[in-house]
Amino acid sequence: MRLLDPPLMPEDTAARMDWFVRVRWLAAVGVIAFAAVGRSVLQLKFAITPFLVIGVSIALYNTVFFFVGRTSGLREKWGDRFAFLQVGMDILTLTLLMYFGGGIENPFISFYLFHTIIAAILLPWRKVALQVLFASVCIATLATAEFIDIVPHRRIGGLLTVDFYASWKFVAVSVFAIITTLWVAAVLASSVAYGMHEREKQLEQSNKALAEQDRTKSRYVLRVAHDLAEPAGMITSCLKVVTQGLTGPIPDKAMHMVERAQYKSEYLGQLVRDLLSLSRIKAARKIPKTEVDLPEIINQVVEEQQPRIVEKSLVLEKHLPPSLPPVYGNADAIHELFGNLVANAVKYTFVDGRVELSASNTDDVVRVKIQDNGIGIPEEALPNIFEEFYRADNVRTEAMDGTGLGLSIVKQIVDAHGGTISVESRQGKGTAFSLSLPVAVKSDDQS
């Protein structure tokens, strides 16, 4: 999302208010820029000091709103009142700009329309109506006060040659036109915003229902996989007893068939274990989290893969800074996460190849990169690698075993921890997975 792009839907009040603050920085710069350009380029004659003071004032009170917005407790406590105060301050500031910039004659008087629309996006209708009423009173009061000389009219020299502010017909028609426009815009914008709010609620309810259905499906798969785990393990154990010759000699042809059955039973066991892992993660609403020592887990995973590393004569390099902070997560899940990634790197790297693990951190996340120079992933397969049961064509061509669930499990674990993961790969050149996990921050509200 670009800096000034508003949220596509009003599902997040905090995001909308942050957007409002970002837009106001532009308004502060615009006021100062108009004062400078109007005097130097357009050769307009007006008092520049009030415009500079108002521009700086907008920046100052916006700074207050910025820091209050970053204090989530205050923003949640104030709720709509926080946005209501911001819109009110902007309308008052705009009225001052209108006064110092020609009053009812100022061509920028239509800018009140912007605040009306913003109020409709941020506030319920009752508070929108109050803001439009406030803007209407400000416009009418300023125009009337100038017309009857309660306040002096401040002309922008070089813009108009006739004193329209002194014509009661012009004042009456202009005030009526702008106030009518504001009220019509408020009604229309509020209707659209209300429809978006209702649509948002429907989508939220639908998402919750879909998530619950997905958890129900996952709990069912979990039960089925759990029931399959014991007989699959028993079959594998019995076949191992036969292939190891503990039940007596068997013909070579029969041995070949038994070995094939053992291989398939081991694959079945791995598939069941992967289904159990994936279903547990997807069925859980939350997973218990605590501080996790990432280097310790990575070292354990590497140690578990050491026989395969030695068998393939791989070079495995680790670059883990000693000051790496703990991450906030579930130790077993994170162990499985790195277990899958490192096992894949070892499996899909050629003999005498290289695997590299590196880590770094910022204030709020730890970043880990696992890179190899193995078979790589075809470019067209990259968007699908985290899908369940998906396996790239080159993996199947190389006749490498796998269930197609390992990276799905990795993605689910990363998502459950509020992290991110990305992949870069070139077929025949290797693959690099980059992921981030949140740093553990000690607080009373971690759960």
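The values are calculated or read from the model by the stated rules, or taken from the named source; none is laboratory data. This is a predicted model, so every value here is computed, not measured. Cβ coordinates were reconstructed from backbone atoms using ideal geometry, including for glycine residues, and neighbour counts include every protein chain displayed.
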Confirm whether GLY157 is at positive phi and more than 39 Å from the chain's Cα centre (by Cα). no
Sort through SER136, SER110 and tell me the only one that's at pLDDT below 90 and touching a helix residue (DSSP H, G or I) at 6+ places or on another chain (Cβ under 9 Å). SER110
Taking the stretch 83-130, which residues are closer than 13 Å to ILE178 by Cα and part of a loop (DSSP other than H, G, I, E, B)? ASN106
Could you pull out the residue among VAL242, VAL258 that is within 52 Å of the chain's Cα centre (by Cα), more than 25 Å from LEU405 (Cβ to Cβ) and part of a helix (DSSP H, G or I)? VAL258
Sort out which residues of the stretch 150-185 are crowded, with 17+ Cβ neighbours inside 10 Å and either assigned to a helix (DSSP H, G or I) or at pLDDT 90 or above (or both), and write them in order of number. TYR165, PHE170, VAL171, SER174, VAL175, ILE178, ILE179, LEU182, ALA185
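Each row is one residue, and each column tells you yes or no for (1) assigned to a strand (DSSP E or B); (2) buried (at least 17 other Cβ atoms within 10 Å of the Cβ); (3) not aliphatic (A, V, I, L, M).
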| position | (1), (2), (3) |
| --- | --- |
| TYR328 | yes, yes, yes |
| ILE334 | no, yes, no |
| LEU337 | no, yes, no |
| ASN340 | no, yes, yes |
| ASP352 | no, no, yes |
| LEU357 | yes, yes, no |
| VAL366 | yes, yes, no |
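Here's the yes/no breakdown for (1) touching a Gly at 6+ places or on another chain (Cβ under 8 Å); (2) under 22 Å from ASN106 (Cβ atoms); (3) at pLDDT 85 or above; (4) in the same structural domain as LEU159 (by TED's automatic domain parsing):
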{"residue": "TRP25", "(1), (2), (3), (4)": "no, no, yes, yes"}
{"residue": "VAL31", "(1), (2), (3), (4)": "yes, yes, yes, yes"}
{"residue": "PHE34", "(1), (2), (3), (4)": "no, yes, yes, yes"}
{"residue": "LEU42", "(1), (2), (3), (4)": "yes, yes, no, yes"}
{"residue": "LEU74", "(1), (2), (3), (4)": "no, no, no, yes"}
Give the residue that is modelled with the highest pLDDT, with candidates limited to residues of the stretch 8-21 that are surrounded by fewer than 16 Cβ atoms within 10 Å (Cβ to Cβ) and in a helix (DSSP H, G or I). ALA15
Does ALA135 satisfy the condition of being small (Gly, Ala, Ser), in contact (Cβ under 8 Å) with a residue 12 or more places away in the chain and within 22 Å of PHE20 (Cβ to Cβ)? yes
State whether one or more residues within the stretch 415-431 are buried (at least 19 other Cβ atoms within 10 Å of the Cβ), modelled with pLDDT under 90, in a helix (DSSP H, G or I) and out of contact with any strand residue (DSSP E or B) (no Cβ under 7 Å at 6 or more places or on another chain). no
